[in-house]
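The next block holds one structure in the form of structure tokens; read it before the comments.
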Amino acid sequence: MGIIINKKLLNNIYKEIKKSDEIVIARHIGPDPDAIASTLALRDSIRSTFPDKKVYAVGTSVSRFKAYGNLDHPNFSELAKPLLIVLDVPNMHRVDGIDGLKYDKIIKIDHHPEEDIIGFYDWTDTTKSSASQMVCELILNTKLELTKKVAENLFLGIVSDSERFSLKNTTYETFDTVKELLRVSNIDFVPLYDILYNRPFSEHKFIAYITNNLNINENKFGYIIIKDEVLKEYNVDSATPSNLINNYHFIDELLVWTFITEDVKNNVYKVSIRSRGPIINEIASKYNGGGHKFASGAKPKTLEEVNHLLEDLNMACKEYEDNENKQKEK
Ligand code: AMP
């Protein structure tokens, strides 16, 4: 069985790109490797295919991701209603770096459940592992060019969001797409893992801190509240825990786990949640959050809200476990 591609939709997206002289590509705030990689890959592919177009990948630059390439900081007042392509984000308030932009149409390419952004051409598919997989399918099925750098970024985005093809979002289509990506580009992909997984020893000590201080209860629910002073002690920032949370996927005693990190600068708690059973995005959405069924985030403002969130997640684990036990008894 091959990949089921909506060729007409992909072709319409390609045609819209082809006819736009100016294009701005944006992704979600607090980017992860998939958001960064998919954005830069699409920008570089369009630039390579159409050298005369003005194409910008916007959003806050993150020094941790500099190996993927540089983001752009265009002066929006000099653009004449560009095409806006949003990647990896379903809600307008989480799109990074488009304040003051007057755009024409929106094209949306995303693997999150649908929220308020509806693109003129809208490719929303929650069965895809990553936005990078979708951009890869777009490039492989249209006349958009696949340069070495584009292929490398796409590989990084897919591997990262699927956690090396180990998460539930991985399907045969993911493998099919990656196989085709590697066949067509012939990139040397093994060295790329350094970009994703090399980290300073201090960060490994921080991982040890999390492991030693994770509270795990009888419902297989795990949580840790990471204070700002701890981030400083280990020389990491408030975005680091969300980059580490997937490391905890294969622990017998965990069904749902969450890292709650003090973000002193923005006066909120930055919450990452992962699950191996209960659906968590509906819970996250009660606390200024959302995301995927089994990988979500939230931003509660007070410790009281944090405690409610912890209780909701704990109850979801209990209900899930009770249900599982009932099924076994049948
Ligand atoms: P993270 O734990 O930060 O890697 O986020 C996991 C998933 O949840 C990603 O798909 C994010 O886009 C999404 N997410 C994270 N934080 C929020 C939030 N505050 N609101 C909505 N979605 C979020």
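The values are calculated or read from the model by the stated rules, or taken from the named source; none is laboratory data. Since the model is a prediction, treat every value here as computed from it, not as a measurement. All Cβ positions, glycine included, derive from the backbone under ideal geometry; neighbour counts span all protein chains shown.
Key figures
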| read-out | value |
| --- | --- |
| Matching option when the condition is part of a loop (DSSP other than H, G, I, E, B) and more than 14 Å from the chain's Cα centre (by Cα), among 270, 293, 301 | 301 |
| Unmet requirement for residue 288, which otherwise passes all of (1) more than 18 Å from the chain's Cα centre (by Cα); (2) near the ligand (Cβ under 7 Å from one of its atoms) | (1) |
| Counted residues, region 78-107 - those being charged (D, E, K, R), within 16 Å of the ligand (Cβ to nearest atom) and more than 17 Å from residue 292 (Cα to Cα) | 1 |
| Filtered residues of region 44-59 (kept if under 20 Å from residue 153 (Cα atoms) and either more than 16 Å from the ligand (Cβ to nearest atom) or part of a helix (DSSP H, G or I) (or both)) | 44, 45, 46, 47, 48, 49, 50, 51, 55, 56, 57, 58 |
| Exclusive hit being assigned by TED's automatic domain parsing to the domain that holds residue 154, outside any loop (DSSP other than H, G, I, E, B) and in contact with a Leu (Cβ under 6 Å, 6 or more places away or on another chain), set 41, 35 | 41 |
| Criterion (outside any loop (DSSP other than H, G, I, E, B) and among the basic types (Lys, Arg)) met by exactly one of 108, 81, 128 | 108 |
| Failed item in (1) over 19 Å from residue 11 (Cβ atoms); (2) surrounded by fewer than 24 Cβ atoms within 10 Å (Cβ to Cβ); (3) within 20 Å of the chain's Cα centre (by Cα); (4) of a type in the set (A, V, I, L, M, F, W, C), with residue 24 passing the rest | (2) |
| Matching entry among 205, 293, 220, 227 (being within 14 Å of the ligand (Cβ to nearest atom) and charged (D, E, K, R)) | 293 |
| The listed residue being more than 8 Å from the ligand (Cβ to nearest atom) and either surrounded by 19 or more Cβ atoms within 10 Å (Cβ to Cβ) or not assigned by TED's automatic domain parsing to the domain that holds residue 321 (or both), out of 242, 275 | 275 |
| Filter result for the condition that a residue is more than 21 Å from residue 160 (Cα to Cα) and either within 11 Å of the ligand (Cβ to nearest atom) or free of Cβ contacts under 8 Å to residues at least 24 places away in the same chain (or both), over 281, 325, 267 | 325 |
| Of the criteria (1) under 22 Å from the mean Cα position of the chain (by Cα); (2) more than 8 Å from the ligand (Cβ to nearest atom), which one residue 253 fails | (1) |
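Yes/no per residue for (1) of a type in the set (Ser, Thr, Tyr); (2) at pLDDT 95 or above; (3) touching a strand residue (DSSP E or B) at 6+ places or on another chain (Cβ under 7 Å); (4) surrounded by 21 or more Cβ atoms within 10 Å (Cβ to Cβ):
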residue: 98; (1), (2), (3), (4): no, yes, yes, no
residue: 114; (1), (2), (3), (4): no, yes, yes, no
residue: 122; (1), (2), (3), (4): no, yes, yes, no
residue: 125; (1), (2), (3), (4): no, yes, no, no
residue: 139; (1), (2), (3), (4): no, yes, no, yes
residue: 145; (1), (2), (3), (4): no, yes, no, no
residue: 184; (1), (2), (3), (4): no, yes, no, no
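So that you can scan it fast, the table gives a plain yes or no per residue for (1) β-branched (Val, Ile, Thr); (2) surrounded by fewer than 21 Cβ atoms within 10 Å (Cβ to Cβ); (3) at pLDDT below 95:
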site: 279; (1), (2), (3): yes, yes, no
site: 284; (1), (2), (3): no, no, no
site: 288; (1), (2), (3): no, yes, no
site: 297; (1), (2), (3): no, no, no
site: 305; (1), (2), (3): no, yes, no
site: 311; (1), (2), (3): no, yes, no
site: 317; (1), (2), (3): no, no, no
